[in-house]
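S.K.: Sharing a structure, written as structure tokens. Questions coming.
Just so it is clear, none of the values below were taken in a lab; they were calculated from the coordinates. Just so you know, these numbers come straight off a predicted model, no measurement behind them. Every residue, glycine as well, gets a Cβ built from its backbone with ideal geometry; the counts of neighbours run over all protein chains shown.
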Protein chains: 2
Amino acid sequence: MDRSPARVTLKDIARLAGVHPATASRALDPARGDMLTPETRDRVRRVAQEAGYHVNSFARSLRKNSSGMVGVVVADVANPFLPPILRGIEQIIRAEQKLLLIAETHDDGGTLLEIIDHFVARRVDAVILSAAHFGDEQAVASLAEKIPVVLAVRSVGSARFPTITHDDVLGGQLAAEHLVSLGHRDLAQLRGPMDVSSFRGREQGFAAVMSTTTARERFVDQSAAAPTVEEGRRLAEAILDAPGRHPTAFFAHNDLMAVGALEALRDRGLTCPRDISIVGYNDAPLSNHVNPPLTTVRLPSLELGRRVATLALAVIAGATTEPTIEKLPPELVIRQSTGAPSHP
Amino acid sequence: MDRSPARVTLKDIARLAGVHPATASRALDPARGDMLTPETRDRVRRVAQEAGYHVNSFARSLRKNSSGMVGVVVADVANPFLPPILRGIEQIIRAEQKLLLIAETHDDGGTLLEIIDHFVARRVDAVILSAAHFGDEQAVASLAEKIPVVLAVRSVGSARFPTITHDDVLGGQLAAEHLVSLGHRDLAQLRGPMDVSSFRGREQGFAAVMSTTTARERFVDQSAAAPTVEEGRRLAEAILDAPGRHPTAFFAHNDLMAVGALEALRDRGLTCPRDISIVGYNDAPLSNHVNPPLTTVRLPSLELGRRVATLALAVIAGATTEPTIEKLPPELVIRQSTGAPSHP
DNA sequence: TTGAAAGCGGTACCAG
DNA sequence: CTGGTACCGCTTTCAA
């Protein structure tokens, strides 16, 4: 396979069509095509077509100083709630003829910095960051000096940047209210990583409801290092194995963690929801098929993706970057992992 | 936010360091750094560091005619077996200081063509294609004339291109042998889209075993339009609602389809595995937590990602593109959705 | 409406 | 070891 057939350049097309490169450039640009005689334009286009011409996007980008790419930073592609967000973003971005550059941090600060460097070097038109931690404000600020940045899903704490998240506080409230209204009075949270705004919000929304009722929240001093099945199991075990009565309900900050808690129950001969009710978060795929089907909080992720991409486009276009922070409302999905406590 | 602080260029660094741009260029390139006096080199590097210099990758790429990016085409990011593959690819690619460009086809041929165009225009160094259909051979061939292409997961049928897949035929065999050895004699496949090599392979592996035993495979004329829960349910329903006795075992070409079949059983008051055993495929997240936990076929996906990326790198480096086709062996994971037939 | 020329920011080659 | 120079392919003034 000979792979360097000296690619066709604009000059070639110009020569073939008997015009100046500048003219060829105009003919091929839809926006400026009508500066030419239709004949010239069509001739050039036809020649380009036949010769299999493709612009060299480096040259174009170098000249225009814009890459036509939008960078997306996520913590972990494997997180099942991301795909709908990515899809929403992609729908909007592709409609603009731009391409998506996706990178993963694995929640590592150093990797985030590296990725930012890459994105800056590649002059992406904007960065959509959905992997922020509370500590990342500096890094984001310095990035934002160079490239438009939009925060998705997770905020950095302050409202310095345009941000679109799910309303995690409301989500935590919904979970708490549901459990309290079922009659639970002794509840515990299985908390996700506390340096991420999403989990912090859920924690606060939940706690806020607790403080206005006769129910009380079990003090748990640990939180998950990552929102995984293993960590959910670990936290649940710590609570279940503590001396004294166990709580009658768990609010897990994530469906995977909820599943981990389910495992811990099962190991101890407890059943859900008879002994302990569990609310998850995200409505991950198959969470309606685990045993028992999970009561959870569903997020408008596709919509979030679309909005965040639209916002990014607006910022690229130079819309005033009022640091809005918009929160999309979640929805409680009641299934079979929650019920009234059996010994109230 | 002023976003055009006239970015620092190599010329600026050269001026600041009192050297010629060409020298600055050499100082900043690790590969050519030792052509200079250590003092000059370090001075330039320090200046660059302090000034916050980043190469303009367009300029570099224009000159080098290489983008430093590898394009990955997938059918659907939401498919839960993709993340480990992507992770494997990313590990290898990032180690090479290259970036990943990810695009989705949604299994649409037109979209594939568009994406290919984008990738060609952006001069990605290589394309890793894991969204191929049997009909795509032409498109791939024409792409391969311009850019190194490596096929992942799905082949196009012929062995014209370097390809690394899972061994789907073996996977189908494992499923069939397992069910037959449990005593099943009347079995059916819930087939995935038949224009994708993976599903075709599974079908053939399964059928091959059938033909060497006394078991027989129920004729089912439909296959899934997409490997989803809904399609799995639809196919299962068609079989269950057909007149006469139903088979005692299903081989679903995908875990999601298996879950759909589970739904269909439940609706009809049948239970798994007592009435019908089900084998899934992929070992998707949570497939060990559905009810009952799925017997399935596990794929070495991370490994596949790593190999395919390594292969892509080799092809970029100009290694002879002998159109190898390598197949990674899957593994049967026995859980509780399979058992001996109750009325043999 | 079209052509000429300059330059985007680097890198590579040749000379010194 | 370093400087000079040309040029990668395209877009964009400015003139004609």
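S.K.: Cα axis of helix B:197-211 to longest principal axis of chain B: angle in degrees, 0 to 90, nearest 10?
M.R.: 30 degrees
S.K.: Something else: Please check which bits of segment A:154-188 a label hung off A:Ala340 would reach, taking the label as a point 7 Å along Cα-to-C-beta and the cut-off as backbone N under 20 Å.
M.R.: A:176-187
S.K.: Now, a different point. Can you bin segment A:168-299 into rounded, prolate or oblate? Criterion: square roots of the alpha carbon gyration tensor eigenvalues sorted a ≥ b ≥ c, rounded for a/c under 1.5, prolate for a/b above b/c, oblate for the rest.
M.R.: Rounded, since a/c falls under 1.5.
S.K.: Mind checking the angle between helix B:109-121 and chain B's longest principal axis? C-alpha axes, 0 to 90 degrees, to the nearest 10.
M.R.: That helix lies at roughly 20 degrees to the long axis.
S.K.: Over 31 Å between Cα atoms, which of B:Lys11/B:Lys146; A:Lys98/B:Lys64; A:Lys98/B:Lys327; A:Lys98/A:Lys327 qualify?
M.R.: B:Lys11/B:Lys146; A:Lys98/B:Lys327
S.K.: If amide H atoms are built 1.01 Å from N in the plane of the peptide, which residues on other chains or at least 5 residues away come under 5 Å of the amide H of A:Leu332?
M.R.: For A:Leu332, the qualifying residues are A:Arg298.
S.K.: Could you sort the peptides A:100-107, A:54-61 by per-residue average Cβ neighbour count (10 Å cutoff), highest mean leading?
M.R.: Result, highest mean first: A:100-107, A:54-61.
S.K.: Around A:Leu101, which amide H atoms from residues at least 5 apart in sequence, or from another chain, sit under 5 Å from its own amide H, with H modelled in the peptide plane?
M.R.: Distant-sequence amide H within range of A:Leu101: A:Val70, A:Gly71, A:Val72.
S.K.: In addition: Which of A:Gly244, A:Gly110, A:Gly201 ends up with the largest GNM mean-square fluctuation for chain A, with Cα atoms connected below 10 Å?
M.R.: A:Gly244
S.K.: Pull up all non-local amide H partners of B:Val153: gap of 5 or more, or a different chain, and H-to-H distance under 5 Å with H placed in the peptide plane.
M.R.: Here the answer is B:Ile164, B:Thr165, B:His166, since their amide H atoms fall under 5 Å of that of B:Val153.
S.K.: Add -39500 (n - 2.57) for each DSSP H run of 4 or more in chain A, then divide by its residues: what number comes out at 222 nm, to the nearest 500 deg cm²/dmol?
M.R.: It comes out at -13000 deg cm²/dmol, rounded to the nearest 500.
S.K.: Which value in nm describes the separation of the simple spin-label points at A:Ala95 and B:Arg218, placed 7 Å from the Cα toward the beta carbon?
M.R.: Using points 7 Å along Cα→Cβ, the separation is 4.4 nm.
S.K.: Provide a whole-number value for the mean count of partner chain Cβ atoms within 10 Å of the Cβ atoms in peptide A:192-203. Kindly include the intermediate steps, with their values, before the conclusion.
M.R.: Numbers: counts 0, 0, 0, 0, 0, 0, 0, 0, 0, 0, 0, 0.
Taking the mean over all residues of the peptide, I get 0.
S.K.: Here's a follow-up. Work out how much length B:Asp108 to B:Met35 would gain on full extension: take 0.36 nm times their residue separation and subtract the Cα-Cα distance, in nm to one decimal.
M.R.: Using 0.36 nm per residue and subtracting the Cα-Cα distance, I get 21.2 nm.
S.K.: Measure off 7 Å from each Cα along the Cα-to-Cβ vector at A:Ala225 and B:Ala238, then give the distance between these two points in nanometres to one decimal.
M.R.: 4.8 nm
S.K.: Average the reciprocal distances over every distinct pair of alpha-carbons in chain B, invert the result, and give the Kirkwood radius in Å. Don't skip to the answer; put the middle values down first.
M.R.: Details: mean 1/r = 0.0440 Å⁻¹.
Averaging 1/r across every pair of different Cα atoms and inverting gives 22.7 Å.
S.K.: Partner chain Cβ atoms within 10 Å, averaged over the residues of A:34-43 - can you pull that number for me?
M.R.: 0
S.K.: Specify whether the C-alpha gyration tensor of segment B:26-66 places it in the rounded, prolate or oblate class, a ≥ b ≥ c being the square roots of the eigenvalues: rounded for a/c under 1.5, otherwise prolate if a/b is larger than b/c and oblate if not.
M.R.: Numbers: a/c = 4.15, a/b = 1.46, b/c = 2.85.
In terms of gyration-tensor shape, oblate.
S.K.: In addition: When you look at the Cβ of every residue in A:228-240, what mean number of other chain Cβ atoms sits within 10 Å?
M.R.: Across the residues of A:228-240, the mean count of other-chain Cβ atoms within 10 Å is 0.
S.K.: Assuming 1.306 mPa s and 10 °C, estimate D for the protein assembly as shown with Stokes-Einstein, Rh taken as the Kirkwood radius over Cα pairs, in µm²/s.
M.R.: 57 µm²/s
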